[in-house]
1. Which residue, chosen from A398, Y96, L37, occupies the Cα position most advanced towards the positive end of the dipole of the chain, where the dipole is computed from +1 (Lys, Arg) and -1 (Asp, Glu) charges on Cβ about the Cα centre?
2. Estimate the FRET efficiency between M90 and R367 by the formula 1/(1 + (r/R0)^6), using the beta-carbon distance for r and 25 Å for R0, to the nearest 0.05.
3. What is the helix-to-structure angle for 139-166, meaning the angle in degrees between its Cα long axis and the longest Cα principal axis of the chain, kept from 0 to 90 and rounded to the nearest 10?
4. Roughly speaking, what is the stretch gain from R294 to L150, that is 0.36 nm per residue apart minus the C-alpha to C-alpha distance, in nm to one decimal?
5. What shape does the stretch 60-145 have by the C-alpha gyration tensor, where a ≥ b ≥ c are the square roots of the eigenvalues, rounded means a/c under 1.5, and otherwise prolate means a/b greater than b/c and oblate the rest?
6. Taking all protein chains in place and a 1.4 Å probe, what share, in percent, of the accessible surface of the chain do carbon and sulfur account for?
7. Over the stretch 39-152, average the accessible area per residue using a 1.4 Å probe and give it in Å², no decimals.
8. Given labels modelled 7 Å from the Cα in the Cβ direction, how far is it in nm from V50 to A200?
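The values are calculated or read from the model by the stated rules, or taken from the named source; none is laboratory data. The model shown is predicted, which means the values in this text are computed figures rather than measured ones. Ideal geometry is used to build each Cβ from the backbone, glycine not excepted, and the neighbour counts take in all protein chains shown. Keep in mind that these areas ignore ligands, DNA and RNA; they rest on the heavy atoms of the full protein, side chains included. Shrake-Rupley method; radii C 1.70, N 1.55, O 1.52, S 1.80 Å.
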Amino acid sequence: MTMRFLPACFLAAALPLAAHVGSPDIFFEGLAGPYKLLVTIHPPPVIPGVAEIEIRSLGAGVRQIHLVPLRLAAGGDQLAPVPDLAQPAMEDPRFYTGSLWLMATGSWKVQVDVNGDRGHGTLSIPVPAVSTRVLTMQKTMGVILLPLALLLCIGVVSIVGAGIREAQLEPGAPPDGALLRRSRFAMAVAAGLMVGALWAGNQWWNSEAGWYQHYVFKPLQLRASVEDGSRLELHLDDPGWMNRKTDDLLPDHNHLMHLYVIRIPEMDLVWHLHPERTADGSFSQSLPAMPAGRYALYGDIVHANGLGETATAEIQTPEIRGQPLTGDDSAGAGPPMVKADYNRIVTPLSGGFQMVWDREKAPLRARRPYLFRFRVEDAAGQPAAGMQLYMGMQGHAAFVSQDRSVFAHVHPSGSVPMAALTLTGAANTHEGHMMTTSEVPAEAAFPYGFPKAGAYRIYVQMKRDGQIVTGIFDARVEN
């Protein structure tokens, strides 16, 4: 590690994280061979930094878990570090914790190697390694260090003066006037040198801090406008962050962008759209019928190196007559968020069907992983027939905080973009990818954890008999 990274430990300037807005942690549920795991990764806020990893085995038979950090999609064989052994919890032998150093900015993967009663299994999870802030020095540490620094400077000046004044005197002999004058002059020079050293050190520190700001993540900016009365035009603007591009996007579920449009502040209307890229590199989308109002936009994209981003914007629109939705585009409506019912676990659907949140009775807590389970039922309360995959998955969910500072687009495999997961080279990472159309259940489970306390709205979308249905639920999260 070079000295250039030291300022990151002491300065402050928080910025949003890549992949999801205000939701930095990674949640993934998948298969390491025969072993089903729920993995939570807490990426470090500065790079180099330590990622904290929590793994829960959802079945029996796991005896040992090793963790290895590797560069995502790196060509050729990598010189992997010695695997770290994850430690099982004393009170819960199925729960393991570990930590890994991520030494460089970019896209990484955490390789989880499992040994157990049914042999060996491996699971790879993409992890974005970006500095999202520069950390402040703790006030207590500053209060301690400042007096110590002043004491050190005073001590140096005093030692210089004493050395000139008394070093050559016989024991007990007083210094004469010439020695006193020389001593004072030397102390003045030493004090000047100390002030100069402090000034030079501060200049160096500020220079290094400015250099490190180049590595602090700066999110893409989304410019939105409505043209010709019903066409949404989107432009990605790069404020300048390292060597990032905006023309290197990977298709995720066959789309370069997944756009959520949510009416605010009510959050009662939602559209999940998929704008097409135009020749000039921007995106365009024919809008459906929409009432006049203000809308929050969240556009998910994935770069060629596996790094996912969510670009955000707000737009005020008049009433739009629009066109009917086609393909994978979908819409949903629910009660206004200001009238949220945190005990509501059922969303009525058309034809007497309903979507049910299979929720535990315990309060939801921030920064804890959960499996959010939703199912579609018929009028008799039985699992609905005719379920289909929606863009290759059992369902899609978006978790949005009422203040809109948190947005996460989550799949049954977790919060990892599928395009990034493909770059890991892993196969059969989630049970849902192995099913055929005739095997799609009426239930979908989404691994996620709320990053902070507050009120959230959850939009869940599944597909039945060719129709995309949307359930809207509310959650109150405690610390």
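1. Y96
2. 0.75
3. Helix 139-166 and the main axis of the chain meet at about 20 degrees.
4. That pair, R294 and L150, stretches by 46.3 nm at full extension.
5. Judged from the Cα gyration tensor, the stretch 60-145 comes out oblate (a/c at least 1.5, b/c at or above a/b).
6. Taking all protein chains in place, the chain shows 56 percent carbon and sulfur surface.
7. Computed with neighbouring chains in place, this is 52 Å² per residue.
8. If labels sit at V50 and A200, their model points lie 3.5 nm apart.
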